[in-house]
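Input: a single structure, listed below in structure tokens.
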Amino acid sequence: MEQIRIHGRGGQGVVTAAELIAIAAFKEGLWAQAFPSFGVERTGAPIQSFVRLNSHPITTHEHIYVPTVLIIQDASLIKVADVFSGATENTLVLINANKNVWPELKKKFTHVYFCPATDIALKTLGKNIVNTVILGAFAHYSKLVSLNSLRAAIREKFTDKGAEIINKNIKAIELAFNHHAQKK
């Protein structure tokens, strides 16, 4: 079973990112579960959401303590929250940052990747909402969902937001996916 933990701040679409992964996985025939960790969060406060993917029904409903994938939508959380709690050497770590500004992470984790999600979001969406953007890099590195399934998930989840928002978000995930595909 894949266990994905997403860290971000209130208002950054952390919950939506989890839902989009689950919808995309479901479209590929997987069982999926997405849920947030709610408390007294407010805009800007550290929050997290969780996703489980499996080829069989998922019966556990607890928080994810040992993630196989860790997505950090706001790199400033590295200094203020224990975002790496429970992560193992083999956890896939994806961080919204332009470059590797934490070289020590490469010593701790085998799979650490940096995505310029903020730059791509500002360019395509006109605002710093990185949740869909970073999912393009997630699809590229994890191979857990395809780019086509993410496109379909965005169309489904954002259907009431209109074609312009849908198209901008699809363009954003494609830019992130292709940015990382070109780095190989």
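No value in this document is a laboratory result; all are computed from the given coordinates. A quick note: this is a predicted structure, and the numbers were derived from the prediction, not measured. As a convention, Cβ positions derive from the backbone with ideal geometry for all residues, glycine included, and neighbour counts pool all protein chains shown.
Residue by residue through the range 26-49, note down the ones that are in contact (Cβ under 8 Å) with a residue 40 or more places away in the chain, within 16 Å of Ala139 (Cα to Cα) and not in a loop (DSSP other than H, G, I, E, B).
Matches in the range 26-49: Lys27 only.
What are the residues in the range 50-80 that are part of a loop (DSSP other than H, G, I, E, B), out of contact with any helix residue (DSSP H, G or I) (no Cβ under 7 Å at 6 or more places or on another chain) and under 23 Å from Ala137 (Cα atoms), if any?
Scanning the range 50-80 gives Ser55, Ile64, Tyr65, Val66, Pro67, Thr68, Asp74, Ala75, Ser76.
Can you tell me which residues in the range 135-177 are touching a residue at least 40 places away in the same chain (Cβ under 8 Å), within 24 Å of Asn90 (Cα to Cα) and of a type outside the set (A, V, I, L, M)?
Gly136, Phe138, His140, Tyr141, Ser142, Ser146, Phe177
Anything in the range 101-137 that is within 18 Å of the chain's Cα centre (by Cα), in a loop (DSSP other than H, G, I, E, B) and surrounded by fewer than 24 Cβ atoms within 10 Å (Cβ to Cβ)? List them, or say none.
Within the range 101-137, Phe109, Pro116, Leu125, Lys127, Asn128, Ile129 meet the criteria.
Output the residues belonging to the range 143-178 that are closer than 19 Å to Phe114 by Cβ and in a helix (DSSP H, G or I).
Result: Ala172, Ile173, Glu174, Leu175, Ala176, Phe177, Asn178.
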